[in-house]
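**Q** One structure coming up, written as structure tokens, with questions to follow.
Every number in this text was worked out from the coordinates using simple rules, so none of it is lab data. The structure displayed is predicted, hence computed values, not measured ones. Ideal geometry is used to build each Cβ from the backbone, glycine not excepted, and the neighbour counts take in all protein chains shown.
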Amino acid sequence: GEDVEQSLFLSVREGDSSVINCTYTDSSSTYLYWYKQEPGAGLQLLTYIFSNMDMKQDQRLTVLLNKKDKHLSLRIADTQTGDSAIYFCAESAPYSGAGSYQLTFGKGTKLSVIP
Amino acid sequence: DSGVTQTPKHLITATGQRVTLRCSPRSGDLSVYWYQQSLDQGLQFLIQYYNGEERAKGNILERFSAQQFPDLHSELNLSSLELGDSALYFCASSVEGVPYEQYFGPGTRLTVT
């Protein structure tokens, strides 16, 4: 079955790098995602990586994927107070040809940035 | 702003009642996904519609149902509500041609008293 796990809390100082980790169990996952949720808001798609990639960089965000260990990480460079939020890791079900990419989410990691 | 809209923003109702949550996907998106976010279960996939047809089902209770209309908006119907149904309900739509990118609406917060 599918299961996605993340640590619940992370605290970093402003200007430092943040690394949020995630493990997943479904080795046939097609895409792996990072979403951000600010208080009282919906989920914002930050980035995603296809399962045959090792790394993806997008401005301050770097995603690393270790398929052997089923480990995904999100690194935020030069973390700012505006990055304080809950970050969700998610995996999509293997594409079955039916056009469905429902997501399985972790519980979320609350990132607190200390000024 | 993702372009996905949901109404109402908040809903308070009593146990045993029935409510309807509405979602309008991004312009041109044919797929709509519904998710429930609760404190104990986290974010869970409920159901997906594609161009009016049910495409996939997740952990959706029999008391819940959904549909997608010809104008592509979707409604999630929750009936015989229980206290445990209190949650945030999100819908997401996926970009046509890029079905693996899902964009979420702001959610409807349902409180059952």
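**Q** Tally up the residues in the range B:96-113 that are in contact (Cβ under 8 Å) with a residue 40 or more places away in the chain and more than 10 Å from chain A (Cβ to nearest Cβ), please.
**A** 6
**Q** Now, a different point. Of the residues that make up the range A:20-36, is at least one acidic (D, E) and either over 15 Å from A:C89 (Cβ atoms) or part of a strand (DSSP E or B) (or both)? Before the answer, list the steps.
**A** Taking the range A:20-36 first, the residues acidic (D, E) are A:26.
Then drop every residue that is not either over 15 Å from A:C89 (Cβ atoms) or part of a strand (DSSP E or B) (or both), which leaves none.
Taking every residue of the range A:20-36 in turn, none turns out to be acidic (D, E) and either over 15 Å from A:C89 (Cβ atoms) or part of a strand (DSSP E or B) (or both).
**Q** Tell me which of these A:Q44 doesn't satisfy, since it passes every other one: (1) without any contact (Cβ under 8 Å) to a residue 12 or more places away in the chain; (2) within 15 Å of the chain's Cα centre (by Cα); (3) assigned to a loop (DSSP other than H, G, I, E, B).
**A** Of the numbered conditions (1) without any contact (Cβ under 8 Å) to a residue 12 or more places away in the chain; (2) within 15 Å of the chain's Cα centre (by Cα); (3) assigned to a loop (DSSP other than H, G, I, E, B), the odd one out for A:Q44 is (3).
**Q** Could you pull out every one of the strands (runs of 3 or more DSSP E) wholly within the range B:19-63 that has 3 or more residues that are polar (S, T, N, Q)?
**A** B:31-38
**Q** What do you reckon, is B:L72 in a loop (DSSP other than H, G, I, E, B), out of contact with any His (no Cβ under 9 Å at 6 or more places or on another chain) and more than 22 Å from B:Y100 (Cα to Cα)?
**A** The answer is no for B:L72.
**Q** Take the residues in the range B:68-95 that are out of contact with any strand residue (DSSP E or B) (no Cβ under 6 Å at 6 or more places or on another chain) and closer than 25 Å to B:T15 by Cβ, then tell me which one is nearest to the other protein chains (Cβ to nearest Cβ). Full working, then the answer.
**A** Taking the range B:68-95 and keeping what is out of contact with any strand residue (DSSP E or B) (no Cβ under 6 Å at 6 or more places or on another chain), we get B:69-72, B:79-80, B:82, B:84.
Still in the running and closer than 25 Å to B:T15 by Cβ: B:79-80, B:82, B:84.
Numbers: B:S79: 23, B:S80: 25, B:E82: 23, B:G84: 18 Å.
Out of the qualifying residues, it is B:G84.
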